[in-house]
Amino acid sequence: QKKQKYSATRRLHLKSKLLKKAASLLVAECEEKKQEKERVINESNPPLKLSGLSAQELQDLCRELHQKIDVADEARYDMEIKVGRNEKEIQTLSQKITELKGTKRPNLKRVKKTTEDMLGACTDTSKLRKSDFKANLKTVKKEDEKREEVTDWRKNVEAMSGMEGRKKLFNAGQ
């Protein structure tokens, strides 16, 4: 039997410490991402100083901002197009890979053959046995179903009409 290096309580204690450490690292990573995002935004777009500007200067500032927005939108659009192309290319390549692999064939089970079957495959006796197959079947005699004679329906209706017909039906039912 293999001895365990740590007891169950020791393992539980280590696991809880690892989880606490991972949680603290995750929080620190999120903070770093936020700071990096703020830094990049501040570099690309410095804070605006609007106080003390005339109407003409404000209009020029708006035009500059609109031009920056247009440039950013064009870059975003170009990136979306590139991503779309790459996704299509990945999809077609993965489809080609699956086509090249082909479908997986199932494992076939071995069929045990007797020596007679193996010998029969080599000789013509197997063909004779196959043709003799119908001779070994039992013959079944079919019983002829009793069919009612087809008569003219008008005569039957005339015979059953009136009180005499009802009397015949009543007697037939008893």
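The values are calculated or read from the model by the stated rules, or taken from the named source; none is laboratory data. These numbers come from a predicted model, not from an experiment. With ideal geometry, Cβ positions are generated from the backbone for all residues, glycine too; neighbour counts draw on all protein chains shown. Ligands, DNA and RNA are stripped out before the accessible areas are found, and what is left, the full protein with its side chains, is counted by its heavy atoms. Shrake-Rupley method; radii C 1.70, N 1.55, O 1.52, S 1.80 Å.
Computed values, structure above
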quantity: Flag for SER126 being at pLDDT 80 or above, among the small types (Gly, Ala, Ser) and open to solvent by less than 90 Å² (accessible area, probe 1.4 Å); calculated: no
quantity: Residue match in the range 101-110 (condition: over 28 Å from the mean Cα position of the chain (by Cα) and either of a type outside the set (Phe, Trp, Tyr) or modelled with pLDDT of 80 or more (or both)); calculated: yes
quantity: LEU48 vs. criteria within 25 Å of VAL71 (Cβ to Cβ), open to solvent by less than 100 Å² (accessible area, probe 1.4 Å) and in contact (Cβ under 8 Å) with a residue 12 or more places away in the chain; calculated: yes
quantity: Residues within the range 2-18 that are of a type in the set (A, V, I, L, M) and loosely packed, with under 10 Cβ neighbours inside 10 Å, tallied; calculated: 1
